[in-house]
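A short write-up of the structure that comes next.
The values are calculated or read from the model by the stated rules, or taken from the named source; none is laboratory data. None of these values were measured; they are calculated from a predicted model. No Cβ is skipped: glycine too gets one built from the backbone with ideal geometry, and neighbour counts run over all protein chains shown. Just the protein is used for accessible areas: all its heavy atoms, side chains included, with ligands, DNA and RNA removed. Shrake-Rupley method; radii C 1.70, N 1.55, O 1.52, S 1.80 Å.
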Amino acid sequence: MTVNAQSETRGFETEAKQLLHLMIHSLYSNKEIFLRELISNASDAADKLRFAALSTPELLQEDTDLKVQIDFDGDANTVSITDNGIGMSRDELVANLGTIAKSGTAQFLESLTGDQKKDAQLIGQFGVGFYSAFMVADEVEVHTRKAGTEANEGTLWKSKGESEYSIEPADKVSRGTMVVLHLKEDAKEFAEAYRLRSIVKKYADHISIPVMMEKQSPPEADEENDKEEKKDIQTEYEAINDAKALWTRSRSEVKDDEYKEFYKHISHDFQDPLQWSHNKVEGKLEYTSLLYIPARAPFDLWNRDAARGLKLYVQRVFIMDDAEQFLPLYLRFVKGVVDSNDISLNVSREILQQDPVVDSMRSALTKRALDMLEKLRKKDKEKYDELWQEFGQVLKEGPAEDFSNREKIGGLLQFTTTQSSGEAQDQGLREYIERIQEGQDKIYYLVAESLKAARSSPHLEIFRKKGIEVILMHDRIDEWLMSHLHEFDGKQFQDVARGELDLGKLDDEVDEKQKEESEKAFEGLVERIKKSLGEQVKEVRLTHRLTDSAACLAIDENDMGAQMRKIMEASGQAVPDSKPIFEINPEHPLIQKLDTEPDEDRFADLTAILFGQASLAEGGQLEDPGEFSSRLNKLLLELAG
Ligand code: ADP
């Protein structure tokens, strides 16, 4: 609704409105963080201006000391946060403060539960930044002017945090942005020096530009000073933080809390990180990196266009956010900064892609991140289990993406195995190998639709009998993962449902003899079944992998498994035709009965039912469920007399 040509009132975009509402009603428990968010924005604005000034030095004019200033007025109940950074044009104001540009916001909002406690956590992961001002203010003004524009080209944005905001031209606005908060009745406590200072100390000590507040004169000095004279003195400001980029300080100087707060500043996450690694590299390449692992997956971890990567600085100057060239995709959850002395200041995303310096840094940073994960796993398994729950599926993309680090990534993977007591994926390959049986030269695994299906798979029977551990894979990505991971620590992986079971040295000699004998004895039966099932199977053969079940299905050595097949079908790709191998257990009474069944019709029914059951046991579907039932009913009727 336009009031005049230049002043107008606009509605917040629907998603912004929803988020604002949630913000005000769910995150109220920790109001003071509004200051951290606004100072964080001011610091980003200074970074952006410094970067823009690399190519356009005039932007800085005389105002070269970038800083943020906090003022308050206890009578008027206002707090203002002023920066002389990049500022915003009118269009940018509308885009930045009236809409939410993050992709996937709609789905994110749908995922909120209505449970305030849970939602507050979720919103924390989303990062709400500027809107947190409305937790403490019932009206917010943003006076802003973009660097490089004239003094009369400023804009004033105002909102009560409900459904709309107004926007109007403003003159005499200095470069940068001033956010004025008209405090709510229950937030008046923030218009007070001591409170503001302590919040800044707590949350913003690591900010690399000075955070200025009015100087407080000590009480003794007051007495000595002539009061009349004092009034004329201009307000003096002092920096209340160190104003030194945190990553430039030495590790021993930085406190854990400072690392944590810095993480929140760069990641827009409300929660503490799980782990970090801070390193200065000197030598052929010179750079400093500070990498973090978040405690929770961001809402858009699976969104292909989601921003990822590190914050890039070159010689302390901010260059860009989300520089994704420094880490592989399977480490996209790692956050942090990298500050290089070797990259050119006027680098662009395109140049980064081709820079050999970046390639070397990427492989070093990848190693660094993997080392950090390895260390965490060794030092604090419980924490690592948490991490695995959040990011394990992403790490499983590793072996396919990063050939050279396969072994290292292998050491980070976790699974549920037949030795696990619960459902959790908490067993590593190294632990598996530590428990390996004498003579066992393979790592056995099974891929199934679900953990339940895996646990009840007939393929496990022989392993259970011999006490051999089997990894139970049931994540969607697992079969694909295993097509890229062939060995670990010198041991080959073996899918227990694939090919003919070969237990190598774990098979005893008695087994071998027995096999040969039954092979001969059941030659005729195998032929009869083959004839009866016809095109449905690739092969029929005896097996010794079963102890309880009469039959099972196996996949031929090079055929595609059921999981991969489903993924490919779902994505509309052509799937090569492959048939299962039907394996029968010569020890089972049903099979022995079948061998002596003279009635061909009855033989066909029994064979079809055994084959159907074997498909079901794999979590598969029957090709013709109607026929299966009628055959089964026929037999049941006979039984019932
Ligand atoms: P975020 O900081 O996570 O992007 P915010 O809601 O805090 O989200 O801010 C939205 C955008 O508004 C910022 O990305 C930035 O472009 C702009 N902005 C906010 N505060 C300032 C400021 N003080 N100076 C310049 N731009 C700002």
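Values for this structure:
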{"item": "Any hit, segment 199-209, residues being more than 16 Å from the ligand (Cβ to nearest atom), assigned to a strand (DSSP E or B) and either at pLDDT 95 or above or open to solvent by 60 Å² or more (accessible area, probe 1.4 Å) (or both)", "result": "no"}
{"item": "Asp272 being under 25 Å from Asn41 (Cα atoms), modelled with pLDDT under 90, out of contact with any strand residue (DSSP E or B) (no Cβ under 7 Å at 6 or more places or on another chain) and outside any helix (DSSP H, G or I)", "result": "no"}
{"item": "Given (1) part of a strand (DSSP E or B); (2) closer than 18 Å to His268 by Cα, number of the condition Val142 does not satisfy", "result": "(2)"}
{"item": "Residues located in segment 250-284, provided they are surrounded by 15 or more Cβ atoms within 10 Å (Cβ to Cβ) and either of a type in the set (Lys, Arg) or over 20 Å from Ile207 (Cβ atoms) (or both)", "result": "Lys260, Lys264, Leu274, Gln275, Ser277, Asn279, Val281"}
{"item": "Residue selected from segment 18-34 under the condition within 14 Å of the ligand (Cβ to nearest atom) and modelled with pLDDT of 85 or more, by the criterion surrounded by the most Cβ atoms within 10 Å (Cβ to Cβ)", "result": "Phe34"}
{"item": "Residue tally, condition surrounded by fewer than 17 Cβ atoms within 10 Å (Cβ to Cβ) and either touching a residue at least 40 places away in the same chain (Cβ under 8 Å) or touching a strand residue (DSSP E or B) at 6+ places or on another chain (Cβ under 9 Å) (or both), over segment 593-641", "result": "2"}
{"item": "Residue in segment 73-125 that is most open to solvent (accessible area, probe 1.4 Å), counting only those that are away from the ligand (no atom under 16 Å from the Cβ) and closer than 23 Å to His182 by Cα", "result": "Asp75"}
{"item": "Count of segment 131-144 residues which are touching a strand residue (DSSP E or B) at 6+ places or on another chain (Cβ under 8 Å) and within 10 Å of the ligand (Cβ to nearest atom)", "result": "3"}
{"item": "Selection status of Ile581, of a type in the set (Val, Ile, Thr), closer than 30 Å to Leu635 by Cβ and in contact (Cβ under 8 Å) with a residue 40 or more places away in the chain", "result": "yes"}
{"item": "Residues located in segment 61-72, provided they are open to solvent by 60 Å² or more (accessible area, probe 1.4 Å) and part of a strand (DSSP E or B)", "result": "Phe72"}
{"item": "Filter result (part of a helix (DSSP H, G or I), open to solvent by 20 Å² or more (accessible area, probe 1.4 Å) and touching a residue at least 24 places away in the same chain (Cβ under 8 Å)) within segment 35-59", "result": "Asn41, Asp44, Lys48, Arg50, Phe51, Ala52, Leu54, Ser55, Glu58, Leu59"}
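For every residue, the table says whether it meets (1) of a type in the set (Val, Ile, Thr); (2) open to solvent by less than 50 Å² (accessible area, probe 1.4 Å); (3) out of contact with any Gly (no Cβ under 8 Å at 6 or more places or on another chain).
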residue: Tyr287; (1), (2), (3): no, yes, yes
residue: Ile293; (1), (2), (3): yes, yes, yes
residue: Leu301; (1), (2), (3): no, yes, yes
residue: Ala306; (1), (2), (3): no, yes, no
residue: Val317; (1), (2), (3): yes, yes, yes
residue: Met320; (1), (2), (3): no, yes, yes
residue: Glu324; (1), (2), (3): no, no, no
